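To start, the structure under review is shown below, and the notes come after it.
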Amino acid sequence: MSLEYTPLSDIPKIVSNLRSAYHAGVTRSLEYRKQQLRGLYNLISENDAAIRDAVFKDLHKPPAELMIGESGMVKQECIDAIKNLDKWAANRAVKTGIVNKFDNVHIRKDPLGLVLIIGAWNYPLNLLLAPAVGAIAAGNTVVLKPSEVAPNTAALLTKLLHLYLDQRAYRIINGAVEETSLLLEHKFDHIFYTGSGQVGKIIMGAAAKHLTPVTLELGGKSPAFVSRDVDIAITARRLAWGKFFNCGQTCIAPDYLIVERGIEDKLVEAFNASIQEFYGSDVSKSASYGRIVNKNHFLRLKSLLDQSKGKIVAGGELDEDDLFMSPTVVLGVDKDDKLMEGEIFGPILPIMLVDRLVEGVKHVNRGDQPLALYVFSKNKKAIDYILDHTRSGGVVVNDALVHFIVSNLPFGGTGPSGIGNYHGKRSFDVFSHERSALIKTMGMEKLNDLRYPPYTEKKTRWLDWFLFDKASFSGNGPTNGSNPSGRNSSPRLPESGERSPSSPKSSHAPAASVV
């Protein structure tokens, strides 16, 4: 199935028609939104074979991975939104003081308007349609821009969408840089983008011209800490599954391991056993293993592997014609290795050895905040230390990837790994405006006399009594910066491993004794 790009001359008209449909109130009714969500569910449910075929052609993705990471998740998002829409969209009353006691004071959940959703090629169904569930549920009109790098999936969705969703409110626009650039010249009320940080900056720059809010789901080098005390076999299985799922082309895949020295040989042995268990002795013939999306990405990954100074201890087989790269583990990389420079986004797993995990914490904190962070350990103090001293979009302890499937957990990055989050109710909130509403009664005008001129001292005292709570705070000392006690108001923090003299029984063990 070939992908036809949307003619440039059609794009302004499509955008204009969708905005007109929004202003006409086409998407306002909750029952209409539920009907469209049922249509989206049916699009996936009734075309399972065609979707499998399209995604397989783009990524060689196994049906189980399609169900776990794409179709099943989107259908679940539809079900959750349909079941909960009345509650999500209901006005929310707020507590008020005596002045507004008899008024209607609440927060409305209004649609934003016309939104643009730009999907990504690695999960061409999920990363386009999952955010669309929230946009539809919130009552917006939507432009969907699939990734042209997954052309078979984009072509299929274009063919099917108008059969299941109202074309007055939801349209697909296909294309590459030129078409996307023209789209971004138009004003939207929200832009949702999933992809690379480099393109995310372009999206944000274009949105800034119209003061359009954005949600950016980006990526980064997501580390996985592995302590000496782990069950090595289970750790290797879970990490191998998380890393090599979708051939490593997952934004939250473990990008590299930080492993305490001393267990590396057994860990490598366990990785080889897990790869054999999952994919057999010839991975290239396994129906459970995908392919690199195209030649450019394949050559990029090959170059990274060629330039690495680490030792390949598992995998390393390549077939450019088939876009096949076997699950590959590289031992002994350091922080300056080519594999440690940027997000790998492929089936290559570098292992960096450290004497203590605190060294890994320092390494992670020298870089950008990752989209995900993983910790494998039985030591609760070590786990807490790592979580308390790092930042990331999400975190999983003793597993990998699985938080993405939990619809009630907000998914998103922080800093360079993204802006905003979604999934479940958060998707509805992303595409909604919390509109403050205060509906006054026409009575009690005598009370309102207090706020009308001419102002008097008596009116001022009464207004102060009616409008604001009163409290007395004491014991905090002077607030002007003086320190009559002569004590240092900013005591020195203890060094790593040094116990604070003021809290000899602190429950937070020093770093050196924990990790």
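The values are calculated or read from the model by the stated rules, or taken from the named source; none is laboratory data. Not measured: the values here are computed from a predicted model. So basically every Cβ, Gly included, is an ideal-geometry build from the backbone, and we count neighbours across all protein chains shown.
So, restricting to helices (runs of 4 or more DSSP H) that lie completely within region 418-506, which ones have at least 3 residues that are modelled with pLDDT under 90?
Where helices (runs of 4 or more DSSP H) fall fully within region 418-506 and carry at least 3 residues being modelled with pLDDT under 90, they are 445-448, 457-467.
Applying the selection to region 175-193, what residues are touching a Gly at 6+ places or on another chain (Cβ under 9 Å) and in a loop (DSSP other than H, G, I, E, B)?
Across region 175-193, the qualifying residues are F188, D189.
Can you confirm whether region 161-174 contains a residue that is modelled with pLDDT of 95 or more, in contact with a Gly (Cβ under 9 Å, 6 or more places away or on another chain) and in a loop (DSSP other than H, G, I, E, B)?
Yes - at least one qualifying residue is present in region 161-174.
Please go through region 374-417 and give me each residue that is farther than 25 Å from N140 by Cα, touching a helix residue (DSSP H, G or I) at 6+ places or on another chain (Cβ under 7 Å), part of a strand (DSSP E or B) and aromatic (F, W, Y), ordered by number.
F376
For region 231-268, what are the residues that are within 19 Å of H363 (Cα to Cα) and touching a Gly at 6+ places or on another chain (Cβ under 8 Å)?
I252, A253, P254, D255, I258
Tell me the residue from I107, I79, I68 that is part of a helix (DSSP H, G or I), touching a residue at least 40 places away in the same chain (Cβ under 8 Å) and either assigned by TED's automatic domain parsing to the domain that holds L165 or among the aliphatic types (A, V, I, L, M) (or both), please.
When all the criteria are applied, what remains is I68.
Somewhere in region 333-347, is a residue part of a strand (DSSP E or B), assigned by TED's automatic domain parsing to the domain that holds E269, within 19 Å of I252 (Cβ to Cβ) and at pLDDT 95 or above?
Checked against the condition, which is being part of a strand (DSSP E or B), assigned by TED's automatic domain parsing to the domain that holds E269, within 19 Å of I252 (Cβ to Cβ) and at pLDDT 95 or above, region 333-347 yields no hits at all.
Could you look through region 320-340, keep only residues that are in contact (Cβ under 8 Å) with a residue 24 or more places away in the chain, surrounded by fewer than 18 Cβ atoms within 10 Å (Cβ to Cβ) and closer than 27 Å to L267 by Cβ, and pick out the one that is farthest from the chain's Cα centre (by Cα)?
Across region 320-340, the extreme among qualifying residues is D334.
Would you mind finding the one in L127, L112, L116, L144 that is surrounded by 17 or more Cβ atoms within 10 Å (Cβ to Cβ), modelled with pLDDT of 95 or more and in contact with a His (Cβ under 7 Å, 6 or more places away or on another chain)?
So the residue among L127, L112, L116, L144 that is surrounded by 17 or more Cβ atoms within 10 Å (Cβ to Cβ), modelled with pLDDT of 95 or more and in contact with a His (Cβ under 7 Å, 6 or more places away or on another chain) is L112.
A253: in a loop (DSSP other than H, G, I, E, B), small (G, A, S) and surrounded by 19 or more Cβ atoms within 10 Å (Cβ to Cβ), yes or no?
When the stated conditions are applied, A253 passes them.
What number of residues within region 27-41 satisfy the criterion of being of a type outside the set (A, V, I, L, M, F, W, C), part of a helix (DSSP H, G or I) and surrounded by 16 or more Cβ atoms within 10 Å (Cβ to Cβ)?
The total comes to 6.
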